[in-house]
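**Q** Structure in structure tokens, see below.
The values are calculated or read from the model by the stated rules, or taken from the named source; none is laboratory data. What you are looking at is a predicted structure, and each value in this text was computed from that prediction instead of being measured. Heavy atoms of the whole protein, side chains included, go into the accessibility calculation; ligands, DNA and RNA do not. Shrake-Rupley method; radii C 1.70, N 1.55, O 1.52, S 1.80 Å.
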Amino acid sequence: MLTFDPWIHARPGLQAAARRGDWPGVRAVLAGADLAELSWSVARLAELSGVEKWLRRLVEADPSDALAGTTLAARETVLAWQARGSGTGDTVSRRQAREFHGLLVRAEDRLQVVLAREPGYVPAWEISLRTALGLELGQPEASRRYDQVARRVPDHFPAQLEYLQHLLPKWGGSWGAAEEFAAECAAAAPDGSPGRAVLAAVVIERFVAERRPDPIVATLPAVRRAAEGSVLHPSHAPGAWDPVVHSQLVFLFSVAGEHAHAAPHFRALGDRPASAGWLHLHDADRWYLYERALALGGRAGRPPGRMPWEPPRRGVAWVASVVVCAVLAVAGLAGMLWGVRTAVLGDVGSGAGIAIVAFGPFGIGVGMLRRAFGTG
């Protein structure tokens, strides 16, 4: 059964141990994990509701546990972004901003405690890139933190994704800077490394920002090279972040209609894709199954919806809704005019009441018409 659940790719028993608050059990499950898998596991633990309660007690009892401190900091960054919301800065209230900042400061302090004890602890440096972003510590500080990772693990893919955020236009960077960083990652990474495919993340970000397929089409040759040099390369060793890389690449190839290039990634993912790219589409699971059928020669049927850049499909249901909205708007306007007339003729109280009541359907009708025509 198809699922975008990231826990599918975590080590068995990790979620159960975390839900029990069993830290020795968590550590036992993660015994022998490499840095990439440890990063994936920390990210999963950080998304688990309520885990911060027992992690705080644990860290207070033993501040020397670097993994516990880093995991708690990662959880607090998740809580911070949840408090802020996903809207642009002008949609964030003063209370939200205060809570966001407070949680990030707490997470940053925890990470500095960990790094003071273990200056080479890569997972803490990785999470510190996220706190630096939210606290707006600036590009030089972000570069310094990323260099701490790259010096120790030159192709640490999750840290590359974290640092990439600092280079995007939405955080004060530029598409040129983001693409240059992706090229640097690819040039420095060995054959078969996920670092060869950082460009895919850049292209998806641009697609989401611009809501049009042009960035994908323009970079297709480079994306093909990224796929061939990373997860499709003969020397590629399977790793924890493979589902993300495959999902990013197959999303781009699918949107571009490159079904032959999408096929090997669909085969690798099966029913266990990562959300990368796909959850920016309505009915992500149906889109994934539709595109997979096209790529692998199955029965695809009709597309499950429309792509973000496509205009709304205006069928019978749309026409009917527009008629209903127009009737509401016209009836409301007529009622308001009747109220004004009644007030002018001397019955001010009744006229005002009629106008106020009529404004409701008028406002609803106009609002729904604006949404139907894409202007609201």
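**Q** How large is ³J(HN,Hα) for each residue in region 58-70, as worked out from phi by the Karplus curve 6.51 cos²θ - 1.76 cosθ + 1.60 (θ = phi - 60°), to whole Hz, x for Gly and Pro?
**A** My calculation for region 58-70 gives 5, 5, 5, 6, 9, x, 7, 7, 5, 5, 5, x, 5 Hz in order.
**Q** Still on this structure: With every protein chain present, what accessible area does VAL319 have (1.4 Å probe, heavy atoms only), rounded to the nearest 10 Å²?
**A** Approximately 80 Å² for this residue.
**Q** Let me ask something else. What percent do you get for the relative contact order of region 1-119 when only Cα pairs under 8 Å and 6+ apart count?
**A** Numbers: 101 pairs, mean separation 24.8, N = 119.
Relative contact order here is 21 percent.
**Q** Does anyone have the angle between helix 94-117 and the longest principal axis of the chain? Alpha-carbon axes, 0 to 90°, nearest 10?
**A** It works out to around 0 degrees.
**Q** Something else about it: Under the classification rounded if a/c is under 1.5, otherwise prolate if a/b is larger than b/c and oblate if not, where does region 179-222 fall, given a ≥ b ≥ c as square roots of the Cα gyration tensor eigenvalues? Show your work: numbers first, answer last.
**A** On the way: a/c = 2.72, a/b = 2.28, b/c = 1.20.
Prolate.
**Q** Now for a different question. Does region 125-175 come out rounded, prolate or oblate, given a ≥ b ≥ c as the square roots of the eigenvalues of its C-alpha gyration tensor, rounded meaning a/c under 1.5 and, failing that, prolate meaning a/b above b/c?
**A** Details: a/c = 1.95, a/b = 1.49, b/c = 1.31.
The shape class here is prolate.
**Q** Rounded to whole Å, give me the distance from the Cα center of region 164-195 to that of region 101-115.
**A** First find each Cα centre; the distance between them is then 26 Å.
**Q** Which shape class applies to region 86-171: rounded if a/c is under 1.5, otherwise prolate when a/b exceeds b/c and oblate if not, where a ≥ b ≥ c are the square roots of the Cα gyration tensor eigenvalues? All intermediate terms of the calculation are to be shown ahead of the outcome.
**A** Working: a/c = 2.74, a/b = 1.47, b/c = 1.86.
Taking the square roots of the gyration eigenvalues as a ≥ b ≥ c, region 86-171 is oblate.
**Q** Over all Cα pairs of region 1-154, how is the pair count split among 10 Å bins, expressed in % and running from 0 up to the last occupied bin?
**A** 11, 38, 36, 14, 1
**Q** Given only helices, namely DSSP H runs of n ≥ 4 each adding -39500 (n - 2.57), what is the per-residue ellipticity at 222 nm of the chain, to the nearest 500 deg cm²/dmol? Don't jump to the answer; show the numbers that get you there.
**A** On the way: 18 runs with 249 residues, N = 376.
After summing the helix terms and dividing by the residues of the chain, the value is -21500 deg cm²/dmol.
**Q** Now for a different question. Between 0 and 90 degrees, rounded to the nearest ten: what's the tilt of helix 284-296 against the longest Cα principal axis of the chain?
**A** For 284-296 against the chain, the angle is about 60 degrees.
**Q** Averaging over every viewing direction, what projected area does the convex hull of the Cα atoms of region 146-225 cover, in nm²? Kindly include the intermediate steps, with their values, before the conclusion.
**A** On the way: hull surface 20.3 nm².
Projected over every direction and averaged, the Cα hull of region 146-225 covers 5.1 nm².
**Q** If you don't mind, another one. With a 1.4 Å probe and every protein chain kept in, tell me what percent of the accessible surface of the chain is carbon plus sulfur.
**A** On the way: 10630 of 18270 Å².
The computed percentage sits at 58.
**Q** Kindly report the accessible area of the chain per residue (heavy atoms of protein chains, probe 1.4 Å, no ligands, DNA or RNA), in Å². Don't skip to the answer; put the middle values down first.
**A** Numbers: 18270 Å² over 376 residues.
Heavy-atom accessible area per residue stands at 49 Å².
**Q** Oh, and also: Using only alpha carbon positions, build the gyration tensor of region 1-68, then give the equivalent ellipsoid semi-axes as the square roots of 5 times its eigenvalues, largest first, whole angstrom. Before the final figure, lay out the partial values.
**A** Numbers: eigenvalues 88, 39, 21 Å².
Semi-axis lengths for region 1-68 are 21, 14, 10 Å.
**Q** Compute the semi-axes of the equivalent ellipsoid of the chain, taking the square root of 5 times each eigenvalue of the Cα gyration tensor, and list them largest first in whole Å. Please report the intermediate quantities before stating the final value.
**A** Details: eigenvalues 406, 175, 78 Å².
That gives 45, 30, 20 Å for the three semi-axes.
**Q** Hey, what did the chain get for relative contact order, percent, Cα under 8 Å, at least 6 apart? Please list the in-between numbers first.
**A** Working: 486 pairs, mean separation 40.3, N = 376.
After rounding, I find 11 percent.
**Q** Compute the convex hull volume of the Cα atoms of region 67-223, divide it by the residue count, and report the result per residue in Å³ as a whole number.
**A** Working: hull volume 17.3 nm³, N = 157.
Hull volume over Cα atoms, normalised by residue count, gives 110 Å³.
**Q** HN-Hα J couplings of region 340-348 from phi, Karplus 6.51/-1.76/1.60, θ = phi - 60°, integer Hz, Gly and Pro as x?
**A** Ordered by residue, 3J(HN,Hα) equals 5, 4, 4, 5, 5, 6, x, 8, 5 Hz.
**Q** Which angle between 0 and 90 degrees, to the nearest 10, do you get for helix 139-150 versus the longest principal axis of the chain when only C-alpha atoms count?
**A** Once rounded, one gets 40 degrees.
**Q** Here is a further query. With θ taken as phi - 60° and the coefficients 6.51, -1.76 and 1.60, list the Karplus ³J(HN,Hα) couplings across region 194-199 in order, rounded to whole Hz; mark glycine and proline as x.
**A** x, x, 5, 10, 4, 4
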